[in-house]
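The values are calculated or read from the model by the stated rules, or taken from the named source; none is laboratory data. Given the structure is predicted, the values throughout are model-derived calculations rather than measurements. Every residue, glycine among them, receives a Cβ derived from its backbone with ideal geometry; neighbour counts consider all protein chains shown. Remember, those area values only see protein heavy atoms, side chains included, never the ligands or the DNA or RNA. Shrake-Rupley method; radii C 1.70, N 1.55, O 1.52, S 1.80 Å.
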Amino acid sequence: QVQLVESGGGLVQVGGSLRLSCTASGRVSAIRAMGWYRQAPGKQRELVATASGTDATNYRDSVKGRFTISRDVARNAVYLQMSSLKPEDSAIYYCYADLFLLYSASSSVAWGQGTQVAVSL
């Protein structure tokens with residue numbers, strides 16, 4: 001019913017930059033928040049950044065000052081600008097949306113398929 005499509009991952013050298021994009025489509029009525037998680041091999045999925053409908057943003061400590069999350073509410077999109085990338089940023093990045101479906105009174109969470117980010121020395 002809802003699709004989240006991510007793009008922008010890839011291979012970059014230490015200190016480089018990447019911009020991830022994610023767009024939600026389908027039976028979306030409203031989106032309360034969008035954000036990004038990541039999961040490295042052998043590790044648990046962790047929250048990277050979130051952006052709520054009130055333009056409030058939150059970041060995990062290790063990316064503060066290097067990553068910037070932004071939303072385009074009209075496009076149901078969220079972006080993650082990543083700079084000064086480090087090898088420990090390498091992971092699969094997953095977009096999520098906390099949203100209401102059409103004709104539904106309860107919210108749900110939708111996930112993207114993930115996009116790989118690899119930071120090389």
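General remarks:
- Asp72 paired with Gln1, simple spin-label distance in nm, labels 7 Å along Cα-to-beta-carbon: 2.6 nm
- Phi to ³J(HN,Hα) by Karplus 6.51 cos²θ - 1.76 cosθ + 1.60 over segment 61-74, Hz, x for Gly, Pro: 4, 5, 10, 4, x, 10, 10, 9, 9, 8, 10, 10, 4, 5
- Highest-first arrangement of 38-50, 13-25, where packing means the average Cβ count within 10 Å: 13-25, 38-50
- Backbone geometry of segment 88-104 corresponds, through the Karplus equation with coefficients 6.51, -1.76 and 1.60 at θ = phi - 60°, to 3J(HN,Hα) couplings of 6, 7, 5, 4, 8, 9, 10, 8, 9, 9, 8, 9, 10, 7, 4, 6, 10 Hz, x marking Gly and Pro.
- In sequence order, calculated HN-Hα J values of segment 36-43 (Karplus, 6.51, -1.76, 1.60; Hz; x Gly/Pro): 9, 10, 9, 9, 8, x, x, 10
- The overall shape of the chain is prolate: from the C-alpha gyration tensor, with semi-axes ordered a ≥ b ≥ c, the ratio a/c is 1.5 or greater and a/b exceeds b/c.
- Accessible heavy-atom area order of Tyr93, Tyr103, Tyr79, highest first, probe of 1.4 Å: Tyr103, Tyr79, Tyr93
- Separation of the Asp55 and Leu11 label points, Cα + 7 Å toward Cβ, nm: 4.0 nm
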